[in-house]
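Some notes on the structure that comes next.
The values are calculated or read from the model by the stated rules, or taken from the named source; none is laboratory data. The shown structure was predicted, so the numbers you read here are calculated from the model rather than taken from an experiment. Cβ atoms come from the backbone with ideal geometry, glycine included; neighbour counts cover every protein chain shown.
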Amino acid sequence: MKKVRSSLLAGLSLAAALSIPALCAAPMGCKKAPTSQPEQSAPEKPTTELMQRTWDAWSTLDPQKAAPFYAKDEGLVFFDFAPLQYRGWNAYENGVKKLLAQFSTMKAKVRDDTRIEAHGNHALVAGIVHFDVTFQDGMTESFDARWSVVWEWREGQWLIIHEHLSVPIHDGPPEAEPPQGG
């Protein structure tokens with residue numbers, strides 16, 4: 001069962017993994033929320049602590065707890081394990097409930113080697129998140145997932161404007177068969 005679930009998650013991520021250009025282009029297509037003041041530069045780049053708080057919110061299995069970390073623009077694109085993509089926070093929040101309903105518990109831990117590159121009011125994050133999940137049927141699974149995020153500094157806080165979450169198709173190259181005879 002574990003192999004089937006892992007293969008399903010991995011297979012679903014293949015198409016998302018091929019869409020790296022969308023990750024790079026995301027900030028160009030986003031409309032900023034209207035503000036009465038000019039946007040100030042970000043005082044510092046996002047931290048792994050902020051990222052962990054985001055995953056702690058998701059670990060409650062309630063998208064409303066994660067909502068404060070995300071921009072709400074309709075055109076934003078979010079790639080999760082399944083389905084292929086969500087357009088806008090409302091679609092993400094409603095759609096991901098189906099995925100989260102499969103779990104009775106989820107723990108997520110952002111690895112310390114996460115890379116954070118800030119440029120003005122935008123930051124690109126690339127890292128690994130370790131998951132320990134218990135499914136509704138009692139089965140458990142642990143796995144690592146890739147997490148790429150574009151954050152934007154808006155109204156005094158970092159908000160996620162694009163997210164890509166995926167798992168590798170397999171753990172590594174297939175093992176070589178031992179040489180035969182002679």
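Checked across segment 131-144, the condition of being at pLDDT 95 or above and within 15 Å of Lys45 (Cβ to Cβ) holds for no residue.
Summed over segment 143-161, the residues that are surrounded by fewer than 21 Cβ atoms within 10 Å (Cβ to Cβ), over 17 Å from Ala66 (Cβ atoms) and not acidic (Asp, Glu) give a count of 3. Checking each residue in segment 135-158 for being under 20 Å from the mean Cα position of the chain (by Cα) and under 21 Å from Ile169 (Cα atoms) picks out Phe135, Glu141, Ser142, Phe143, Asp144, Ala145, Arg146, Trp147, Ser148, Val149.
Identification of strands (runs of 3 or more DSSP E) wholly contained in segment 38-130 with 2 or more residues that are surrounded by fewer than 18 Cβ atoms within 10 Å (Cβ to Cβ) and modelled with pLDDT of 95 or more yields 103-110, 115-119. Among the residues making up segment 51-103, those that are touching a residue at least 60 places away in the same chain (Cβ under 8 Å) and farther than 16 Å from Glu152 by Cβ are Trp55, Phe79, Asp80, Phe81, Ala82, Pro83, Leu84, Gln85.
Note on segment 104-139: residues that are among the basic types (Lys, Arg) and touching a residue at least 40 places away in the same chain (Cβ under 8 Å) amount to 2.
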